[in-house]
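These notes concern the structure reproduced below.
The values are calculated or read from the model by the stated rules, or taken from the named source; none is laboratory data. Here the structure is a predicted model, which is why all the values come from computation and not from measurement. When we count neighbours, we look across all protein chains shown, and the Cβ atoms used for this are built from the backbone with ideal geometry, even at glycine.
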Amino acid sequence: MNDFPNLSLQDLAARLARREVSAETVTRASIARMEEVEPVVRAWQHFDPEQAIAQARRLDAQAPKGALHGVPIGVKDLMDTADMPTTYGSPIYARHQPQMDAICVAASRSAGAVIMGKTVTTEFATFHPGVTCNPHRTHNADGMPQLHTPGGSSSGSAAAVASGMVPVAFGTQTAGSIVRPAAYCGIVGYKPTYGMLPLVGIKSLSPSLDTVGVLARSVGDAAFFISTLSHLSLSPLPAAAPPRLRLGICRTQHWGRASQATRMTLERAASLLEAAGAVLSDVSLPGICKGLTEAQMTIMGFEAALAFAPESQTSPTGFSNAFEKFLAAGSAVDGAAYCVAQELAVAARCALTGIFRDVDILLAPSTEGEAPVGLEATGDPIFNRMWTLLGNPCVHVPLGIGAGGMPIGVTLIGPRWGDTQTLAAADLLERSFATKK
């Protein structure tokens, strides 16, 4: 089963369900891949091969228990696991062992998944990076080490999937922590509608923004995984293109920050979808949306300062300088300003509902450009903050390699709870791109 990194999650799950291959065989293949690339990529915070094999053997000893029976997955180290340490990316929790799984982890176990380990997260899912490298480039043309960020905060999950260690891995997004690492690592990132999956057992950063999602190798795999956990009919995706998909090209107010590679990729995505039958139009967001990026930052900082009050009192020296400054800025936010930001978000959601009467899906940039060189930062989520605040489903679709030699792609955004149509449009783009390669 050494070819499993090339199989789709759905194909792998089907073979496991038919007992064509054992969970232990697949798990051992995953371990072999991890041992090959992990010394360079460093995607895992915790990995115990014997523990993973023991899980697989228990599954092989019973009838298939769910749609993910025997499938190896990664769990972001922001999520509690009863049988593995959970550090939240901070030395404060270096020896922390939860007593119970996060609900989404428990749901994946109930569906039969093998938890391979905990993937690296940035400190408390903010901007202080971990050690993970982007697997697409670790050396320059001269063979000298040249590291690029995998993005954050779901750094390890994105790198683990992109390098073939696991077919899917959990991510969370508060600003751009699913879409941005997916973009930088050249894989699919799916941030569902806010609230689709429960947050219980996940270290909270900003409760009104935090969203559970997935990093995967294809749109179909992302839909299958979240559909299994949410019990919503997101999968299988329709085999045929939707009739006359109405696509709104939304460059957003941050278009000036987009690199040439990003601009060209957006235009290419629009052309591919138009060729597939979509009807294109340019969409300008209502004026009320202009302050959404700042509103997201206000809400995120204000809520984080409250969420980390216990650690601020008991372990203030355990914070990085960057996180300490972030909390200080959040503490300085006035409660009235927080309320204004939340009211703006409510009004903008109403305005966006009107936009979606005229278009089915929005097409927007995922990032400013390709993954920056170095591991000192994880990139700017400037093109993601607004959509996270609004709570809309977002799917990043990779569209090849940019001029700098690193992955590039676009985001498709749908109406709240319009996840199925968003995934279907993303799948259409993915298939259209595959046929044009």
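Summary of values
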read-out	value
Failed condition for residue 68, given (1) part of a loop (DSSP other than H, G, I, E, B); (2) free of Cβ contacts under 8 Å to residues at least 40 places away in the same chain; (3) surrounded by 18 or more Cβ atoms within 10 Å (Cβ to Cβ); (4) of a type outside the set (Phe, Trp, Tyr)	(2)
Residue list for segment 110-137, restricted to those being part of a helix (DSSP H, G or I) and either touching a helix residue (DSSP H, G or I) at 6+ places or on another chain (Cβ under 7 Å) or surrounded by fewer than 22 Cβ atoms within 10 Å (Cβ to Cβ) (or both)	110, 123, 124
Selection status of residue 272, farther than 24 Å from residue 417 by Cα, touching a helix residue (DSSP H, G or I) at 6+ places or on another chain (Cβ under 6 Å) and touching a residue at least 12 places away in the same chain (Cβ under 8 Å)	yes
Tally, over segment 247-279, of residues that are farther than 24 Å from residue 385 by Cβ, surrounded by fewer than 16 Cβ atoms within 10 Å (Cβ to Cβ) and not hydroxyl-bearing (Ser, Thr, Tyr)	4
Which numbered condition residue 60 fails, given (1) touching a residue at least 24 places away in the same chain (Cβ under 8 Å); (2) touching a strand residue (DSSP E or B) at 6+ places or on another chain (Cβ under 8 Å)	(2)
Options 160, 102: the member that is surrounded by 24 or more Cβ atoms within 10 Å (Cβ to Cβ), out of contact with any Leu (no Cβ under 7 Å at 6 or more places or on another chain) and farther than 16 Å from residue 42 by Cβ	102
Counted residues, segment 36-53 - those being without any contact (Cβ under 8 Å) to a residue 12 or more places away in the chain and closer than 19 Å to residue 3 by Cα	1
Residue 83 being surrounded by fewer than 22 Cβ atoms within 10 Å (Cβ to Cβ), modelled with pLDDT under 95 and assigned to a loop (DSSP other than H, G, I, E, B)	no
Residues of segment 397-437 satisfying the condition of being within 18 Å of residue 275 (Cα to Cα), touching a residue at least 60 places away in the same chain (Cβ under 8 Å) and among the hydrophobic types (A, V, I, L, M, F, W, C)	397, 399, 410, 424, 425, 426, 428, 429, 433
Qualifying residue in segment 13-22 (condition: buried (at least 23 other Cβ atoms within 10 Å of the Cβ) and touching a strand residue (DSSP E or B) at 6+ places or on another chain (Cβ under 9 Å))	no
Which numbered condition residue 297 fails, given (1) closer than 26 Å to residue 435 by Cβ; (2) buried (at least 17 other Cβ atoms within 10 Å of the Cβ)	(1)
Residue identified as crowded, with 16+ Cβ neighbours inside 10 Å, out of contact with any helix residue (DSSP H, G or I) (no Cβ under 6 Å at 6 or more places or on another chain) and closer than 30 Å to residue 323 by Cβ among 42, 95	42
Segment 312-325 residues that are touching a residue at least 12 places away in the same chain (Cβ under 8 Å) and in a helix (DSSP H, G or I), paired with ones that are acidic (Asp, Glu) and surrounded by 16 or more Cβ atoms within 10 Å (Cβ to Cβ) (beta carbon under 6 Å, 6 or more apart)	323/123
Selection within segment 74-90 - under 14 Å from the mean Cα position of the chain (by Cα) and closer than 22 Å to residue 33 by Cβ	74, 75, 76, 77
Residue within segment 205-214 that is farther than 27 Å from residue 293 by Cβ, among the aliphatic types (A, V, I, L, M) and surrounded by 23 or more Cβ atoms within 10 Å (Cβ to Cβ) present	no
Candidates 303, 370, filtered to the one that is farther than 18 Å from residue 414 by Cβ, touching a helix residue (DSSP H, G or I) at 6+ places or on another chain (Cβ under 7 Å) and among the acidic types (Asp, Glu)	370
For residue 101: the one exception among (1) outside any loop (DSSP other than H, G, I, E, B); (2) within 22 Å of residue 9 (Cβ to Cβ)	(1)
Filter pass, residue 244 being over 30 Å from residue 104 (Cα atoms), surrounded by fewer than 17 Cβ atoms within 10 Å (Cβ to Cβ) and in contact with a strand residue (DSSP E or B) (Cβ under 9 Å, 6 or more places away or on another chain)	yes
Verdict on residue 145 being under 17 Å from residue 388 (Cα atoms) and of a type outside the set (Lys, Arg)	no
